[in-house]
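Let me begin by presenting the structure, written as structure tokens, before commenting on it.
The values are calculated or read from the model by the stated rules, or taken from the named source; none is laboratory data. This is a predicted model, so every value here is computed, not measured. Cβ placement follows ideal geometry from the backbone for every residue including glycine, while neighbour counts extend to all protein chains displayed.
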Ligand code: FDA
Ligand code: NAD
């Protein structure tokens, strides 16, 4: 097989890759200079759609509808866009070996790719229950969700198991979004997670109580404080029961597991500096190896606002880090400099009729404000996190675009507060006046 050589290679064809390609095009990349190598069979798309409208029975999202960059209100980059720009999309191609010293990548089929600059955008993979030896975890109809192929398999199962029983293992992002999606598909849904409340990485007990109440009103059953320890299958190998650590056994036609992600960096082990489970970068997403950049889920980068180094597994950072890396590469070539990455963390989720946004850092004391009654016709509530007398994080459920902008501003400006009772009373109006 002929060796292929490019000035720039983006390894991975997800969110960060798509936004990087758009930035390369803006910066005048020449035909033939850039390639994206992806193990997925489709051009970069907005991954968040997979756990939301992709699974809905109505208003279903399908490609080419959600190729990047529609998720941030940008131009939709269809496969033709890449060919028009002379950007080579090398799809269904898994890289199995990377030699950063020799600037060489090798695919599963043995194809060799050379580059002058590499952007690592391999994202995350799912943590599997079989990783910690859960018995029977390879039964049919136990699903994980990361890529479009996974979503397609789940869609098939939802059709095949109409009105059946679903068990969702995990109470994080996937757990909450998938429980809602399967419930909307009229499955009988039970969630199981080990913590005392859902989404403990971000939610306070007060925030979680709202979502748990709302989900219960929608008919989702929630079992907390235990984990799945095994699965029983029928004679076809299809999952039938989920065995819990507390001894309970749940019937299941479909199981969806969302017990966390792991950045995909094994190809580069021992070749590049790592930190906090990711590839260590500077504020331009440059790694410890010359001409090698890392963006999106895999990058552990300096978060200037908190004088800390962090890894962020969310789409907004995937987009922005990709753009920053490309700007850095191009400005370097022109002997220019650009500003350091100054990121305000932004996470969001949507399920049922709900929609929340979070900006900043969820550290320090938290206060809860607003109408957080799960039975309200239009619930709107939020939280502020206060550290060292300053508001450093803000969460809002049911906010309008302007209100969401206001909480983003609060998290960025970090206004001082000395009376938390007053802040609770003021609630959203505190953010709106900043
Ligand atoms: P991403 O995972 O998008 O892309 C990585 C790409 O690299 C994939 O195409 C993969 O196949 C490819 N790849 C990996 N190894 C390879 C190899 N060896 N050879 C070739 N190709 C390889 N965030 C958020 O803020 N709000 C949200 O609502 C959601 N919703 C959401 C839903 C679901 C189902 C998931 C899985 C994730 C989210 N996220 C999210 C998280 C968000 O999607 C995630 O942070 C970004 O997609 C990260 O972008 P990357 O480009 O880093 O990885
Ligand atoms: P997560 O880290 O959000 O949640 C994992 C959950 O599983 C936690 O509640 C955890 O304690 C629980 N858990 C761990 N071990 C368990 C076990 N043995 N049994 C039952 N529960 C267990 O991870 P996720 O929900 O799997 O999401 C995977 C990735 O996808 C993350 O990077 C996430 O950021 C991303 N994602 C983001 C969004 C969003 O931002 N809206 C949506 C979907 C996915």
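Within segment 139-160, take every residue that is within 13 Å of ligand 2 (Cβ to nearest atom), touching a strand residue (DSSP E or B) at 6+ places or on another chain (Cβ under 7 Å) and not in a loop (DSSP other than H, G, I, E, B) and give me the one that is nearest to residue 67 (Cα to Cα).
150
With respect to residue 316, is the statement that it is surrounded by fewer than 23 Cβ atoms within 10 Å (Cβ to Cβ) and within 20 Å of residue 147 (Cα to Cα) true?
Judged against the criteria, residue 316 is a match.
Tell me whether segment 233-256 contains one or more residues that are assigned to a loop (DSSP other than H, G, I, E, B) and touching a helix residue (DSSP H, G or I) at 6+ places or on another chain (Cβ under 9 Å). Steps first, answer last, please.
Step one: list which residues in segment 233-256 are assigned to a loop (DSSP other than H, G, I, E, B), which gives 234-237, 245-248, 252-253.
Subsequent filtering for residues that are touching a helix residue (DSSP H, G or I) at 6+ places or on another chain (Cβ under 9 Å) retains 253.
For segment 233-256, residues assigned to a loop (DSSP other than H, G, I, E, B) and touching a helix residue (DSSP H, G or I) at 6+ places or on another chain (Cβ under 9 Å): present.
Here's a check for you: in segment 161-193, which residue that is more than 18 Å from residue 207 (Cα to Cα) and in a helix (DSSP H, G or I) is nearest to ligand 2 (Cβ to nearest atom)?
This residue is 178.
Any idea which residue in segment 304-321 is nearest to residue 12 (Cα to Cα), counting only those that are within 16 Å of ligand 2 (Cβ to nearest atom) and assigned to a strand (DSSP E or B)? Walk me through it before giving the result.
Residues of segment 304-321 that are within 16 Å of ligand 2 (Cβ to nearest atom), as a first pass: 310-321.
With assigned to a strand (DSSP E or B) added as a condition, the list becomes 310-311.
Working: 310: 21, 311: 18 Å.
Within segment 304-321, the match that is nearest to residue 12 (Cα to Cα) is 311.
Residue check: is residue 103 modelled with pLDDT of 95 or more, closer than 22 Å to residue 293 by Cβ, within 9 Å of ligand 1 (Cβ to nearest atom) and surrounded by 15 or more Cβ atoms within 10 Å (Cβ to Cβ)?
no
Give 233, 228, 208, 216 a once-over and let me know the one that is farther than 13 Å from residue 192 by Cβ, within 13 Å of ligand 2 (Cβ to nearest atom) and modelled with pLDDT of 95 or more.
208 is the lone residue from the list that is farther than 13 Å from residue 192 by Cβ, within 13 Å of ligand 2 (Cβ to nearest atom) and modelled with pLDDT of 95 or more.
Just the residues that are part of a loop (DSSP other than H, G, I, E, B), without any contact (Cβ under 8 Å) to a residue 60 or more places away in the chain and out of contact with any strand residue (DSSP E or B) (no Cβ under 9 Å at 6 or more places or on another chain), please, taken from segment 100-138.
133
Do any residues in segment 81-96 that are over 25 Å from residue 28 (Cβ atoms) have Cβ atoms under 7 Å from those of residues that are at pLDDT 95 or above and loosely packed, with under 13 Cβ neighbours inside 10 Å, where the two are at least six apart or on different chains, and which pairs are they?
Here the result reads 92/41; 94/108; 96/108, each pair linking segment 81-96 to a residue that is at pLDDT 95 or above and loosely packed, with under 13 Cβ neighbours inside 10 Å.
Take the residues in segment 248-278 that are out of contact with any strand residue (DSSP E or B) (no Cβ under 7 Å at 6 or more places or on another chain) and without any contact (Cβ under 8 Å) to a residue 24 or more places away in the chain; name whichever of them is farthest from residue 126 (Cα to Cα).
Here the answer is 270.
Sort out for me the strands (runs of 3 or more DSSP E) sitting completely within segment 1-99 that have 2 or more residues that are within 16 Å of ligand 2 (Cβ to nearest atom).
Output list is empty.
Please tell me if residue 188 is at pLDDT 95 or above, more than 13 Å from ligand 1 (Cβ to nearest atom) and either surrounded by fewer than 20 Cβ atoms within 10 Å (Cβ to Cβ) or within 28 Å of residue 64 (Cβ to Cβ) (or both).
Against the criterion (at pLDDT 95 or above, more than 13 Å from ligand 1 (Cβ to nearest atom) and either surrounded by fewer than 20 Cβ atoms within 10 Å (Cβ to Cβ) or within 28 Å of residue 64 (Cβ to Cβ) (or both)), residue 188 qualifies.
Looking only at segment 24-33, decide whether some residue is near ligand 1 (Cβ under 10 Å from one of its atoms), closer than 27 Å to residue 96 by Cα and either buried (at least 17 other Cβ atoms within 10 Å of the Cβ) or in contact (Cβ under 8 Å) with a residue 12 or more places away in the chain (or both).
Taking every residue of segment 24-33 in turn, none turns out to be near ligand 1 (Cβ under 10 Å from one of its atoms), closer than 27 Å to residue 96 by Cα and either buried (at least 17 other Cβ atoms within 10 Å of the Cβ) or in contact (Cβ under 8 Å) with a residue 12 or more places away in the chain (or both).
Out of the residues in segment 106-123 that are near ligand 1 (Cβ under 8 Å from one of its atoms) and surrounded by 20 or more Cβ atoms within 10 Å (Cβ to Cβ), which is farthest from residue 11 (Cα to Cα)?
Residue satisfying both the conditions and the ranking: 123.
Residue 322 passes all but one of (1) out of contact with any helix residue (DSSP H, G or I) (no Cβ under 6 Å at 6 or more places or on another chain); (2) crowded, with 21+ Cβ neighbours inside 10 Å; which number fails?
Among (1) out of contact with any helix residue (DSSP H, G or I) (no Cβ under 6 Å at 6 or more places or on another chain); (2) crowded, with 21+ Cβ neighbours inside 10 Å, residue 322 violates only (1).
Across segment 136-185, what is the total count of residues that are within 16 Å of ligand 1 (Cβ to nearest atom) and at pLDDT below 95?
Summing the residues that are within 16 Å of ligand 1 (Cβ to nearest atom) and at pLDDT below 95 in segment 136-185 gives 0.
If we scan segment 64-80, do we find a residue that is more than 10 Å from ligand 1 (Cβ to nearest atom), in contact (Cβ under 8 Å) with a residue 60 or more places away in the chain and in contact with a strand residue (DSSP E or B) (Cβ under 8 Å, 6 or more places away or on another chain)?
In the first step, residues of segment 64-80 are kept if they are more than 10 Å from ligand 1 (Cβ to nearest atom); the result is 64-67, 69-70, 72-80.
Now narrow it down to the ones that are in contact (Cβ under 8 Å) with a residue 60 or more places away in the chain: 69, 72.
Subset that is in contact with a strand residue (DSSP E or B) (Cβ under 8 Å, 6 or more places away or on another chain): none.
Within segment 64-80, none of the residues are more than 10 Å from ligand 1 (Cβ to nearest atom), in contact (Cβ under 8 Å) with a residue 60 or more places away in the chain and in contact with a strand residue (DSSP E or B) (Cβ under 8 Å, 6 or more places away or on another chain).
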